[in-house]
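Novice: Encoded as structure tokens, here's the structure I'll be asking about.
The values are calculated or read from the model by the stated rules, or taken from the named source; none is laboratory data. Just so we're clear, the structure is a prediction, and the values are computed from it rather than from any experiment. These accessible areas exclude ligands, DNA and RNA; they are computed on the full protein's heavy atoms, side chains included. Shrake-Rupley method; radii C 1.70, N 1.55, O 1.52, S 1.80 Å.
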Amino acid sequence: MLTVVPDPTDGDRHTLEGPVSSSFIDEIVREGARRMLAEALKAEVDAYIAAFTPQRDENRRRLVVRNGRHQPREVLTAAGAIEVKAPRVNDKRTDEVTGERKQFSSAILPPWARKTPKVTSWMRDMCGMIFAGECPSHGYAAGQDRYGWRNRSALENR
């Protein structure tokens, strides 16, 4: 739960204006990101449902309705890990060609997404640097690993 008063034992820093807790600021950023994502998902579902409101079945019931929320899942964002409860849509329309039911899929947060593209790109870049020997923390020169394999051709590695 987000509180307004920071815990004094939580590693606060002191400035001219008073104590500032970095973890408190991080929590505010994460909570803001969670709320903005929740609102964006809600707006996306509202627009989808509104687009199909005129479509009704033979009992005059709407074919596309809201159906609660999915199970909460954690998504890794640039602001940190946040818990998301995506809205669920019950779409009873069927495709005329295949006969399969149509499904709502969020463009903002696809069902498979567990990390935002920025975090994924950053992780891929960092892993690429480490595997290419460009990360200065391991103590080897760029393009060289412990055994010197990076500088050899593929035929020499056999």
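Novice: Taking Rh as the Kirkwood radius computed over C-alpha pairs, what is the Stokes-Einstein D of the range 47-116 at 37 °C in a medium of viscosity 0.692 mPa s, expressed in µm² per second? Don't skip to the answer; put the middle values down first.
Specialist: Numbers: Rh = 14.0 Å.
Answer, rounded: 235 µm²/s.
Novice: Let me ask something additional. Report residue 94's accessible area, 1.4 Å probe, all protein chains in place, as a number in Å² to the nearest 10.
Specialist: About 70 Å², rounded to the nearest 10.
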